[in-house]
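Here is the structure we will look at.
The values are calculated or read from the model by the stated rules, or taken from the named source; none is laboratory data. Quick caveat, the model's predicted, so the values are computed rather than measured. We place every Cβ from the backbone using ideal geometry, glycine too, and count neighbours over all the protein chains shown. Please note that ligands, DNA and RNA were not included when accessible areas were found on the heavy atoms of the full protein model with its side chains. Shrake-Rupley method; radii C 1.70, N 1.55, O 1.52, S 1.80 Å.
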Amino acid sequence: MTSPILQFLATRRSHPPKLMTGPGPDRHQLTELLTLAARVPDHGKLEPWRFVVLGRQTLDALAPKLHAAVLADGQDQAAADKAASAFASPVIVAVIHSPVDSPKVPEWEQELSSGAVCLGLVNAALASGWGAAWLTGFAALNRDFAQAHLGVAPHERVAGLIHIGTPGPTPPERPRPDIAAKTRFLP
Ligand SMILES: Cc1cc2nc3c(=O)[nH]c(=O)nc-3n(C[C@H](O)[C@H](O)[C@H](O)COP(=O)(O)O)c2cc1C
């Protein structure tokens, strides 16, 4: 594969947030990444997603609230510490799935577009030399927390928390799918 784009797609991999350090992208750099991420297939051009950028100040304020919410959910100290430590990333972009009422486009297709935005943002960040990873976890999946602290409306959901920062050591490769085993060619 000679094309640098194909080379990137063939070798891209997420960076675990715990290996990332500051700084993260600034507002101008983030706006460029979000513009690239938003260039995704979107049936009906509904744009059923939006972004909430969580900067350092916000993450520092939310980490203890997340810790308390995980404990209040009945999980143990270790789980609460792990959840809160994820907010140590330099920048986190919450990709909010914000479905639009449409007689033509079922919500399932809108969810797929929100997922595409998440991958688009990870890839734009990685291709720009940042470390990036698509995570969810309690902060994204617990609707009370997301509504209280991430500004998510009742009809919305968090499609992903995209962690972006200065990459640390290259993460080890993970087993990749066996395409031959996962593919049927119908004549
Ligand atoms: C919707 C979604 C949610 C995810 N949530 C988490 C998570 O909370 N924690 C985690 O370690 N990986 C999570 N992952 C997996 C990582 O994003 C990623 O796939 C994994 O680290 C391997 O990365 P790579 O195949 O991009 O190299 C999630 C992936 C998706 C698609």
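The local environment of GLU156, defined by Cβ-Cβ distances under 10 Å, has a net charge of +3 under the rule Lys, Arg +1 and Asp, Glu -1. Partner aspartates and glutamates whose Cα lies under 17 Å from the Cα of LYS82, excluding those fewer than 8 positions away in the same chain, are identified as ASP60, ASP73. Can you find, among ASN123, ALA140, PRO106, the residue farthest towards the positive end of the dipole of the chain? Put +1 on the C-beta of Lys and Arg, -1 on that of Asp and Glu. The one lying farthest along the dipole's positive direction is ASN123. Computed over protein heavy atoms with a 1.4 angstrom probe, the accessible surface ordering of HIS163, HIS155, largest first, is HIS155, HIS163.
Multiplying the residue separation of LEU9 and ARG174 by 0.36 nm and subtracting their alpha-carbon distance yields 57.9 nm. Note: relative contact order over region 38-168, using C-alpha pairs below 8 Å and six or more positions apart, is 32 percent. Measuring nothing but protein heavy atoms, the accessible surface of region 38-168 at 1.4 Å probe radius is 56 percent carbon and sulfur. Please work out whether region 60-158 counts as rounded, prolate or oblate from its C-alpha gyration tensor, where a ≥ b ≥ c are the square roots of the eigenvalues and a/c under 1.5 means rounded, while otherwise a/b larger than b/c means prolate and anything else oblate? Cα axes put region 60-158 in the oblate bin. Using Cβ point charges alone (K and R +1, D and E -1), the dipole size of the chain about the Cα centre works out to roughly 460 debye. Accessible surface of SER102, taken over heavy atoms with a 1.4 Å probe and every protein chain present, rounds to 40 Å². Accessible-area rank, largest first, for ARG157, ARG56: ARG157, ARG56, with all protein chains present and a 1.4 angstrom probe.
Per residue of the chain, the DSSP helices (runs of n ≥ 4 H) give a summed -39500 (n - 2.57) that works out to -13000 deg cm²/dmol at 222 nm.
Partners of LYS45 within straight-line reach, counting aspartates and glutamates whose Cα lies under 14 Å from its Cα and excluding those fewer than 8 residues away in the same chain: ASP101, GLU107, GLU109, GLU111. Region 103-125 and region 74-100 have Cα centres lying 20 Å from one another.
Spatial offset of region 160-182 relative to region 9-49 amounts to 15 Å, using the alpha carbon center of each. Based on protein heavy atoms only, region 38-168 ends up with 48 Å² per residue of surface accessible to a 1.4 Å probe.
Can you check what the net charge comes to around VAL52, using other residues whose Cβ is under 13 Å from the Cβ of VAL52 (Lys, Arg +1; Asp, Glu -1)?
+1
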